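What follows draws every value from the coordinates through simple rules; no lab data is involved. Just so we're clear, the structure is a prediction, and the values are computed from it rather than from any experiment. Because the Cβ atoms are built from the backbone with ideal geometry, glycine has one as well, and the counts that use them run over all protein chains shown.
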Amino acid sequence: MTHPDQPVRVIALMNQKGGVGKTTTAVNLAAGIAELGRKVLLVDMDPQAHATLHVGADQQDGPTVYDLLLDPSIGLDACVRRVDDRLGIVAAETDLAAAEHELAAMSDRNQRLARAIHASARDDEFVLIDCPPGLGVLTLNALAAAQEVIIPMQAHFLALQGVGKLLETVRLVRDQVNPELRVAGVVLCMHDSQTSHSKAVVDDLAAFFEAQRDTGLPWAHARVYRPAVRRNIKLAECPSFGQTIFQYAPWAPGAVDYRELAASVVAEWDRAVRGLGSIRGGRDALSEAEIRVLRGQREPIE
Ligand code: ADP
Ligand code: MG
């Protein structure tokens with residue numbers, strides 16, 4: 001996006017494993033950022049089209065991301081469906097599964113989404129890309145288009161195993177295609193903070209990132225985002241109603257967590273844009289007063 005006064009933060013929600021919370025985080029983080037008054041575009045890169053269904057968008061209603069990848073001259077704008085005043089989505093469709101094959105012969109196959117985003121004159125401040133599971137051409141398009149990767153995952157030992165491969169992919173894309181790319185951090189999904197196992201995994205993850213600080217690797221500034229998103233049945237229910245958690249159950253724990261996460265993501269961005277500090281930080285990116293406002297009249301978060 002080339003809007004002169006509007007820097008844009010493009011974030012890919014990526015993990016090659018399925019079922020870890022990518023789509024739930026892409027949709028509800030996007031909606032949470034929009035609730036804060038910022039313009040957000042969600043891009044659904046998964047042929048399963050879960051993000052598209054989650055926001056209640058119609059797959060048939062105009063061109064989708066599949067059409068855009070095959071023919072970037074359509075332009076990003078023609079593919080955006082409006083969800084509300086501040087949130088739009090580029091929908092996916094099942095045909096997207098064929099894109100890998102259809103793009104195979106094209107030398108710019110991994111950069112088609114990036115080109116479409118950069119060529120657009122839209123004034124969205126945040127673009128969140130929901131990646132499919134896997135590390136194929138659709139995920140590579142997301143990584144080529146993004147500045148940052150956020151990794152949704154569970155705090156399980158086995159989930160950690162996949163992170164090395166994921167980081168290596170990010171490094172390859174940075175080295176070969178997108179020098180700007182970096183890992184912003186991990187969002188813990190379906191989190192149970194009570195078990196000693198999950199505590200140990202979170203500690204390991206935080207220690208790993210701390211040890212990477214001066215390496216110059218794309219994850220040298222990564223962190224574990226706060227808050228972790230608690231397991232909350234309302235988050236699993238709301239997609240079938242075509243609603244975000246803020247529409248479906250605005251004060252459920254899932255809404256409280258994604259609202260606070262959105263505020264943290266916006267706060268670090270504002271700081272980066274204003275150049276007031278490093279993009280690192282964490283929950284302390286928010287003042288206690290801001291956190292109280294976000295919590296409304298509800299129970300404090302543990
Ligand atoms: P992915 O996009 O990585 O495949 P999803 O976001 O679709 O993962 O999540 C997998 C399943 O877990 C979905 O059914 C979703 O509704 C559910 N889910 C995700 N986050 C939570 C949560 N915090 N609490 C309860 N269920 C969740
Ligand atoms: Mg998904």
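Find, among the GluC sites (Glu not before Pro) in region 161-255, those assigned to loop by DSSP (not H, G, I, E, B) with at most 14 other beta-carbon atoms within 10 angstrom.
Details: sites: Glu168, Glu180, Glu210, Glu237; in loops: Glu180.
Sparse-neighbourhood loop GluC sites (Glu not before Pro): Glu180.
Please compute the Cα-Cα pair-distance distribution of region 97-147 with 10 Å bins starting at 0, giving whole percents from short to long.
All Cα pairs considered, the percentages come to 24, 54, 21, 1.
Take region 141-241, compute every pairwise Cα distance, and split them into 5 Å bins from 0; I just need the percent in each bin.
In whole percents, the pair-distance histogram is 2, 12, 21, 21, 17, 14, 8, 4, 1, 0.
HN-Hα J couplings of region 161-172 from phi, Karplus 6.51/-1.76/1.60, θ = phi - 60°, integer Hz, Gly and Pro as x?
Running phi through 6.51 cos²θ - 1.76 cosθ + 1.60 with θ = phi - 60° gives 4, x, 5, x, 5, 4, 5, 4, 4, 4, 5, 4 Hz.
Is the C-alpha gyration tensor of region 15-104 telling us rounded, prolate or oblate? Criteria: a/c under 1.5 is rounded; beyond that, a/b larger than b/c is prolate, otherwise oblate. Mind showing how you got there, number by number?
Values: a/c = 2.09, a/b = 1.28, b/c = 1.63.
It comes out oblate by the Cα gyration axes.
Using the count of nearby Cβ atoms within 10 Å as a rough guide to exposure, how do Leu172, Leu42, Leu96, Leu128 rank from fewest to most? Provide the component values of the computation, followed by the final result.
On the way: Leu172 15, Leu42 32, Leu96 24, Leu128 28.
Going from sparsest to densest Cβ surroundings: Leu172, Leu96, Leu128, Leu42.
Pull out a ≥ b ≥ c, the square roots of the eigenvalues of the alpha-carbon gyration tensor of the chain, then state rounded if a/c is under 1.5, prolate if not and a/b is larger than b/c, and oblate in the remaining case. Walk me through the numbers before you get to the answer.
Numbers: a/c = 1.44, a/b = 1.24, b/c = 1.17.
Rounded, because the longest to shortest axis ratio a/c is under 1.5.
Under 1.5 on a/c is rounded, so check that first for region 1-152, then, if it is not, pick prolate when a/b is larger than b/c and oblate when it is not; a ≥ b ≥ c are the square roots of the alpha carbon gyration tensor eigenvalues.
Values: a/c = 1.36, a/b = 1.17, b/c = 1.16.
In terms of gyration-tensor shape, rounded.
Can you compute the helix-only [θ] at 222 nm over the chain? Use -39500 (n - 2.57) per DSSP H run of at least 4 residues, normalise by all residues, nearest 500 deg cm²/dmol.
One gets -11500 deg cm²/dmol as the mean residue ellipticity at 222 nm.
What percent does the relative contact order of region 114-226 come to when contacts are Cα pairs within less than 8 Å and at least six residues apart? Numbers along the way, then the final one.
Values: 130 pairs, mean separation 29.2, N = 113.
Here the relative contact order equals 26 percent.
Roughly how far apart, in whole Å, are the Cα centres of region 47-118 and region 136-152?
If you average the Cα positions of each part, the centres end up 14 Å apart.
Among Arg259, Arg182, which comes first, second and so on when ranked by fewest other beta-carbon atoms within 10 Å? If you can, show how the numbers build up before the last one.
Working: Arg259 26, Arg182 20.
Ascending number of Cβ neighbours within 10 Å: Arg182, Arg259.
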